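Notes follow the structure.
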Amino acid sequence: MYRKKDFLFMKVNSINGNKIGFIKDILIDFNFGIVKGFSISSYKVFQKSTYVLTKDILSFCNSMIVTEYRRGKLLELKELCGMNIIDLNGNIIGMVEDIIFSKDSFLISGIVVTTGYITNFLHGKKVFLIKDLILGEENLLYYEDKNKVMLSNVPNKILMEDDTDERKN
């Protein structure tokens, strides 16, 4: 599984060895739940927006080698980051922070949601499946199913210390 930080500032080169630029953001197709490609910041000062589609990527490790790149603009992750996620009652659950996606298929597995510094520390960040969200103009709508399992990222060392303290008493 990958996140945005795994690709941010990665160098992008053409198959011919030409330096194209570096990755500045992830391009997503929210409706299909897939990473479409990567937005590239060019080394040239006055070059327009450039991007590479995932189908044009030959390899990536320390740098990305691509067969083709294009000019234009698609939906970037930064446009979603900071958007509120609301439930069916209009309550704000949190804000989009990142995505988690598969390294093989580039399918988006989940949306990482921050709920605030203190809440993140105490209860962890939440992870929502993309199929449970609807993208709106200003917010994402989460329609929950009470029978589903809620995923979260909790610092386990703190919880383990609390459990052992309770067992001693």
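The values are calculated or read from the model by the stated rules, or taken from the named source; none is laboratory data. Please read these numbers as outputs of a predicted model, since none were measured by experiment. Neighbour counts run over all protein chains shown; Cβ positions are idealised from the backbone, glycine included. Ligands, DNA and RNA are excluded from the accessible area calculation, which covers all protein heavy atoms including side chains. Shrake-Rupley method; radii C 1.70, N 1.55, O 1.52, S 1.80 Å.
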Does segment 141-150 contain at least one residue that is more than 21 Å from Tyr2 (Cβ to Cβ), open to solvent by less than 80 Å² (accessible area, probe 1.4 Å), hydrophobic (A, V, I, L, M, F, W, C) and part of a strand (DSSP E or B)? yes
Within segment 107-134, how many residues turn out to be of a type in the set (A, V, I, L, M, F, W, C), touching a residue at least 40 places away in the same chain (Cβ under 8 Å) and surrounded by fewer than 19 Cβ atoms within 10 Å (Cβ to Cβ)? 1
Could you please let me know if Asn153 is in contact with a strand residue (DSSP E or B) (Cβ under 6 Å, 6 or more places away or on another chain) and modelled with pLDDT of 90 or more? no
Tell me which residues, restricted to segment 38-87, are at positive phi and within 14 Å of the chain's Cα centre (by Cα). Gly82
List the strands (runs of 3 or more DSSP E) that sit entirely inside segment 9-101 and contain at least 2 residues that are surrounded by 12 or more Cβ atoms within 10 Å (Cβ to Cβ) and among the polar types (S, T, N, Q). 11-14, 34-42
Log entry, pairs with first residue in segment 42-67 being free of Cβ contacts under 8 Å to residues at least 40 places away in the same chain and closer than 17 Å to Lys4 by Cβ, second being of a type in the set (Lys, Arg) and outside any strand (DSSP E or B), beta carbons closer than 9 Å, six or more apart or on different chains, reads Tyr51/Lys73
